[in-house]
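Heads up: the structure comes next, in structure tokens.
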Amino acid sequence: MSLVAIRGATTVAQDNPEQIKSACLEMVQTILHKNNIEKEEDLVMIFLTMTSDIRSLNASSAIRQGMNWKHVPFFTSQEPEITGMLPLCIRILIQCNLPVSQAEVKHIYLNEATKLRPDLIS
């Protein structure tokens, strides 16, 4: 097993709890599926950032409740405000133990976030 980091991001059309929860769960479930992560115990920690225009729901809360994870440490921070940044964006960094190398992990960018790292879109 190796400690690897998986990146991802997604966007919502507007700041409302239902859209945030749906987008976050889609992103996490896609990451889990594409990287063959089956057990909560494989997850070391999850770090999230949200742009300042997202205020109605914390992404960590959305994922923790939606996935029913009780033991995964989460940390959420506000994304730095940079001119021209992608609005309504949620980014994720998952550290986990997997039987693959860092070069083999599949990073996931959904919705408007595909513009952030087109080099990682497969």
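K21 falls short on exactly one of the conditions (1) over 12 Å from I94 (Cβ atoms); (2) outside any loop (DSSP other than H, G, I, E, B); (3) in contact with a strand residue (DSSP E or B) (Cβ under 9 Å, 6 or more places away or on another chain); (4) touching a residue at least 12 places away in the same chain (Cβ under 8 Å), and that condition is (3). Only one entry in I63, I90 is under 18 Å from L43 (Cβ atoms), in a helix (DSSP H, G or I) and open to solvent by less than 40 Å² (accessible area, probe 1.4 Å), namely I63. Of everything in the range 93-122 that is surrounded by 14 or more Cβ atoms within 10 Å (Cβ to Cβ) and of a type in the set (S, T, Y), the residue that is farthest from K34 (Cα to Cα) is T114.
Just one of the listed residues (L57, L48) is modelled with pLDDT of 95 or more, part of a loop (DSSP other than H, G, I, E, B) and closer than 20 Å to V12 by Cβ, namely L57.
Taken as a whole, the range 12-28 holds no residue that is β-branched (V, I, T) and either over 14 Å from the mean Cα position of the chain (by Cα) or surrounded by fewer than 13 Cβ atoms within 10 Å (Cβ to Cβ) (or both).
In the range 98-122, the residues that are aromatic (F, W, Y) form Cβ pairs under 9 Å with partners that are surrounded by 16 or more Cβ atoms within 10 Å (Cβ to Cβ) and part of a helix (DSSP H, G or I), at six or more places apart or across chains, as follows: Y109/M27.
Every residue, every condition in (1) in contact with a strand residue (DSSP E or B) (Cβ under 8 Å, 6 or more places away or on another chain); (2) surrounded by fewer than 18 Cβ atoms within 10 Å (Cβ to Cβ); (3) not polar (S, T, N, Q), yes or no:
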residue	(1), (2), (3)
I46	yes, no, yes
R55	no, yes, yes
A59	yes, no, yes
W69	yes, yes, yes
P80	no, yes, yes
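Candidates are the residues of the range 29-41 that are surrounded by fewer than 18 Cβ atoms within 10 Å (Cβ to Cβ) and assigned to a helix (DSSP H, G or I); the one that is farthest from the chain's Cα centre (by Cα) is E41. Listed conditions (1) surrounded by 12 or more Cβ atoms within 10 Å (Cβ to Cβ); (2) modelled with pLDDT under 95; (3) on the phi > 0 side of the Ramachandran plot; (4) of a type outside the set (F, W, Y) are all met by M85, apart from (3).
The values are calculated or read from the model by the stated rules, or taken from the named source; none is laboratory data. Predicted model only: the values in this text are computed from it and were never measured. Glycine gets a Cβ as well: all are built from the backbone with ideal geometry, and neighbour counts include every protein chain shown. Accessible surface areas use protein heavy atoms only, side chains included; no ligands, DNA or RNA. Shrake-Rupley method; radii C 1.70, N 1.55, O 1.52, S 1.80 Å.
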